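Structure, as structure tokens:
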Amino acid sequence: MKCARLLPAFTLLGSLLGAARPHGALPQVPPGFEISIFAGEPFIYKPTSLCFDEQGRLLVGQGPQYHLSQVIEEPDSVVMLLDTNGDGVADERKVFATGFNSIQGLAWKGDALYVANSPELTVVRDRDGDGVADEYVVVYTDLGNHEHAIHGLNWGPDGRLYMSKGNSKGHNQPEQYGRVAPKAFRELWDVAHPPGAPDIPEPRVLTADTYRRSFHTPADDWGREGGVLRCEPMGANLEIVARGMRNPWDIAMDAEFNWLGTDNDQTQGDRIIMPFMGAHFGWGHRYSSHWTGLGNLPTVPVSGPMTSGSWVGIEYYAHSHFPAEYRDVFLINDWMYGTYLYRPGWDGALRQSLDGVLQPLIRRSEGGMLYRPTDLAVGPDGSLYVLGWGGNYHYERGQEGGWVFRLRYVGDQGGGESARPTVSRWRPASTKTVAELLADLGGDVLPARRVNAQDELVRRGRTASAPLIERLHDATLDTGRQTWTVWALGRMEDPSGKLSAFFRRLADPAERYPANLRVQGLRILGDRAVRFSEKGALPDRAAAALRDTKPRLRFEAVQAIRQAGAASLAEAVVASLKSEQDRVVYYAGWQLSL
């Protein structure tokens, strides 16, 4: 029986156990905000990652494996924490899946939870609907140890899973260990490819009874570099997006599908970076290793102030629950010092902090409880849920550690209860109208619900395309819904060529579409050149964008050309670089190989 391997599922009074009382004051938050304990020990222990499923249920990756997993028998688990009476405190806990090595990333899609638990990427599903996973699929294995591991799982509007990976390398010896990493990871680590090893090994489908976690000792040496990668569902078509990182703990995208990530170092400070196709961020560079990229042309410059802490989770906040000054921002956790707000801006084509500072959002109160945050995510009602430890790496049970904090706005200006949307009752995406699915595509919607709504629109194809195009002409449509709506169209196959013509209009400056739609139009033309072999739609639009006065559009033109492999435009790119003054546009063009 599968239940034989599960830790007990149980229900308790949240006031007694789910929200155990901390010693000392809660962390400090800005005026108008309120922070509370949603759950604590024994509901959770050493929480490292979290996400919400499509129904709005909180899933937390937790357990004893990090940081001494070699000597600990108990595995990590994904637990579901529920507030059944609506008082803001978890009162029910259920083990959704267990048996993992160190969990450091979670993402939901369809009916599946993707779990980053180095040395593996695993997918679990609850096939019989009892709230407990019974299918375990090992998508990738041999991904290295849990110190500089696989993190940062995010589904993009292009339908791909993006992930960050530190520079710990796999064993790369299938004859001895019986497992081997996909080729893209081996390329990052600069290791020899075993003879006959597949580029992407086939996933292995197991049950709760037959799944056994792997382990890779942290004593092993490192590979050359880490990076950001992406793949299709269940691991297909894996490719490197950006590289030259040491330990990029997390990545997040804004409403326009632009990435921001964190990367940690031991001596030169931690950095904030903008991953993009072809970018190298200096760590392990073959001939010009560099950390900040400032004054070093082979390295992309950093995108924010350098810090001396330890960056971990990052999240983009766009929900109406927070006041306007706290929306459309990145929220970043620092394990050492708290949670910070990063207001995004642009320096030409490079993402930069708008005001050049990191504003504290949550930090330890003087003499209060220790606040060591790990991951964070936005809940169904717009509250921010933050995981935290109350001790160091090796703290034991009962030692003031293991919290889920809930940050909400209770002020009366620009947010709060009056501005909080009603949390609608969950229904499967397949039962919703096109209008309802479109409403689920915004930045104020749970990622799992947004991803599933978009997948359903793509599945409906031609029957949904006309209302989607009409919606894109609505001037009141917010940026997040613009992006996810246009990519729903971008993912649809259309032999008639009508969609391709529509994306050409989006990318045409004469049509005067909003800047975001023009950016997405270029990206989608580059993507469809590969996805659907629509290679003739991009060249003239990209060539025109190479001459645009806006650096970001010139950058997107180069990126689309790279994505499409449009060799016919190589000379146009080289010619454009002769007069290019933007540092990142020039870099992207210099890195282009067709």
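The values are calculated or read from the model by the stated rules, or taken from the named source; none is laboratory data. Computed from a predicted model, the values in this text were never measured in an experiment. Note that we place each Cβ from the backbone using ideal geometry, even for glycine, and neighbour counts take in every protein chain shown. With ligands, DNA and RNA removed, areas are computed over all heavy atoms of the protein, side chains included. Shrake-Rupley method; radii C 1.70, N 1.55, O 1.52, S 1.80 Å.
Looking across region 545-567, just one residue is part of a helix (DSSP H, G or I), surrounded by fewer than 22 Cβ atoms within 10 Å (Cβ to Cβ) and either among the acidic types (Asp, Glu) or at pLDDT below 95 (or both), and that is ALA567.
Do you know which of the residues in region 28-56 that are assigned to a loop (DSSP other than H, G, I, E, B) and surrounded by 24 or more Cβ atoms within 10 Å (Cβ to Cβ) is nearest to the chain's Cα centre (by Cα)? Checked region 28-56; the qualifying residue nearest to the chain's Cα centre (by Cα) is LYS46. Being open to solvent by less than 10 Å² (accessible area, probe 1.4 Å) and either assigned to a strand (DSSP E or B) or more than 20 Å from VAL123 (Cα to Cα) (or both) is the filter here; which residues of region 63-79 pass it? Across region 63-79, the qualifying residues are PRO64, SER69, ASP76, SER77, VAL78, VAL79.
Could you tell me whether any residue of region 148-157 is in contact with a helix residue (DSSP H, G or I) (Cβ under 6 Å, 6 or more places away or on another chain), under 30 Å from ASP455 (Cα atoms), of a type in the set (Phe, Trp, Tyr) and at pLDDT 95 or above? Checked region 148-157: at least one residue is in contact with a helix residue (DSSP H, G or I) (Cβ under 6 Å, 6 or more places away or on another chain), under 30 Å from ASP455 (Cα atoms), of a type in the set (Phe, Trp, Tyr) and at pLDDT 95 or above. Of all residues in region 479-500, those satisfying the criterion of being over 21 Å from the mean Cα position of the chain (by Cα) and either farther than 19 Å from ARG462 by Cα or open to solvent by 40 Å² or more (accessible area, probe 1.4 Å) (or both) are GLU493, PRO495, SER496, LYS498.
Set side by side, the residues ALA575, ALA564 differ, and just one is closer than 16 Å to MET277 by Cβ and of a type outside the set (Phe, Trp, Tyr), which is ALA564.
Of all residues in region 220-255, exactly one satisfies the criterion of being without any contact (Cβ under 8 Å) to a residue 60 or more places away in the chain and over 24 Å from the mean Cα position of the chain (by Cα), namely ASP221.
Candidates SER593, SER579: the one that is open to solvent by 50 Å² or more (accessible area, probe 1.4 Å), part of a loop (DSSP other than H, G, I, E, B) and at pLDDT below 95 is SER593. For region 174-225, residues that are basic (Lys, Arg) and assigned to a loop (DSSP other than H, G, I, E, B) total 4. Restricted to region 340-359, and to residues there that are in contact (Cβ under 8 Å) with a residue 24 or more places away in the chain and closer than 20 Å to GLY309 by Cα, the residue that is surrounded by the fewest Cβ atoms within 10 Å (Cβ to Cβ) is GLY356.
Of all residues in region 303-324, those that are closer than 23 Å to ALA349 by Cα have Cβ atoms under 8 Å from Cβ atoms of residues that are among the β-branched types (Val, Ile, Thr) and open to solvent by 10 Å² or more (accessible area, probe 1.4 Å), 6 or more apart or on another chain, in PRO305/VAL357; MET306/THR292; GLU315/VAL378; TYR317/VAL378. The listed residues are VAL519, VAL530, and the only one of them that is among the hydrophobic types (A, V, I, L, M, F, W, C), open to solvent by 40 Å² or more (accessible area, probe 1.4 Å) and touching a helix residue (DSSP H, G or I) at 6+ places or on another chain (Cβ under 7 Å) turns out to be VAL530.
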